Amino acid sequence: MDVKTYQYKQWADQRTLDAISSIDRTMFANAYSFSLQQISHMVIVEELFKSRLCALPSPHSATNSAHIPSFDTLQRRLIASGTWYVEFITSCEDLTPEISFVFVDGQRGKMSVGEILFHIINHGSYHRGNIAHALDLARVPHPIDGYGAFIHGLEPQRRET
């Protein structure tokens with residue numbers, strides 16, 4: 001796990017946020033609401049694991065909330081979370097320590113720092129895929145957000161033979 005992986009996450013998240021902002025909220029209210037719920041869930045999970053990495057009390061009692069914040073609020077939180085993870089991984093010297101914690105469902109868990117960081121990347125990819133389906137339903141082209149597109153945009157010389 002390296003900082004480039006989390007820069008990719010920020011890039012993919014921003015592309016997804018930009019696409020969500022293009023949804024016609026009147027014609028496709030369900031797709032818009034679903035997209036916000038998915039972003040809300042992503043942010044909650046990221047905040048939960050941040051608290052575990054920092055040995056802080058859990059900021060949430062569930063991985064979903066009854067009230068979904070506004071798009072602007074979710075956008076700010078997701079961007080802030082991405083920035084925090086980039087800063088964390090930049091300063092992290094050892095990904096092997098294991099952290100014991102309690103999931104919001106009450107079950108105990110233990111993951112290494114590296115496993116937590118991988119989980120955040122994998123979790124976000126999964127939910128961006130769900131959002132892509134909602135974007136299709138709302139007739140908004142979903143962004144290409146694969147790592148290959150990111151790395152070749154970042155380092156175009158890789159396309160040279």
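Quick check on segment 52-66. Is at least one of its residues crowded, with 18+ Cβ neighbours inside 10 Å, among the charged types (D, E, K, R) and on the phi < 0 side of the Ramachandran plot?
Within segment 52-66, one or more residues are crowded, with 18+ Cβ neighbours inside 10 Å, among the charged types (D, E, K, R) and on the phi < 0 side of the Ramachandran plot.
Name the pairs: first residue in segment 70-98 and among the β-branched types (Val, Ile, Thr), second residue assigned to a strand (DSSP E or B), Cβ to Cβ under 9 Å, at least 6 apart or on different chains?
96/112
Tell me, which residue of segment 38-53 that is β-branched (Val, Ile, Thr) and touching a helix residue (DSSP H, G or I) at 6+ places or on another chain (Cβ under 7 Å) is farthest from residue 116 (Cα to Cα)? Full working, then the answer.
Here is the first cut: in segment 38-53, the residues β-branched (Val, Ile, Thr) are 39, 43-45.
Filter again for touching a helix residue (DSSP H, G or I) at 6+ places or on another chain (Cβ under 7 Å), leaving 39, 43, 45.
Numbers: 39: 19, 43: 14, 45: 11 Å.
Taking the candidates together, the pick is 39.
Checking the condition touching a residue at least 60 places away in the same chain (Cβ under 8 Å), in contact with a helix residue (DSSP H, G or I) (Cβ under 9 Å, 6 or more places away or on another chain), outside any helix (DSSP H, G or I) and not β-branched (Val, Ile, Thr), which residue from 65, 58, 22, 35 passes?
Result: 22 is the single residue among 65, 58, 22, 35 that is touching a residue at least 60 places away in the same chain (Cβ under 8 Å), in contact with a helix residue (DSSP H, G or I) (Cβ under 9 Å, 6 or more places away or on another chain), outside any helix (DSSP H, G or I) and not β-branched (Val, Ile, Thr).
Could you list, in sequence order, the residues of segment 100-126 that are surrounded by fewer than 16 Cβ atoms within 10 Å (Cβ to Cβ) and over 30 Å from residue 15 (Cβ atoms)?
Once the filter is applied, which keeps residues that are surrounded by fewer than 16 Cβ atoms within 10 Å (Cβ to Cβ) and over 30 Å from residue 15 (Cβ atoms), segment 100-126 yields 100, 102, 105, 106, 107, 108, 109, 110.
Specify which of the listed residues (27, 42, 1) is outside any helix (DSSP H, G or I) and surrounded by 14 or more Cβ atoms within 10 Å (Cβ to Cβ).
On the way: 27 fails: surrounded by 14 or more Cβ atoms within 10 Å (Cβ to Cβ); 42 fails: outside any helix (DSSP H, G or I).
Sole residue among the options that is outside any helix (DSSP H, G or I) and surrounded by 14 or more Cβ atoms within 10 Å (Cβ to Cβ): 1.
Please count how many residues of segment 68-99 are assigned to a loop (DSSP other than H, G, I, E, B) and surrounded by fewer than 14 Cβ atoms within 10 Å (Cβ to Cβ).
5
Taken together, the values in this text are just the output of simple stated rules run on the coordinates, not laboratory data. Predicted, not measured: the structure shown is a model, and the values here were computed from it. With ideal geometry, Cβ positions are generated from the backbone for all residues, glycine too; neighbour counts draw on all protein chains shown.
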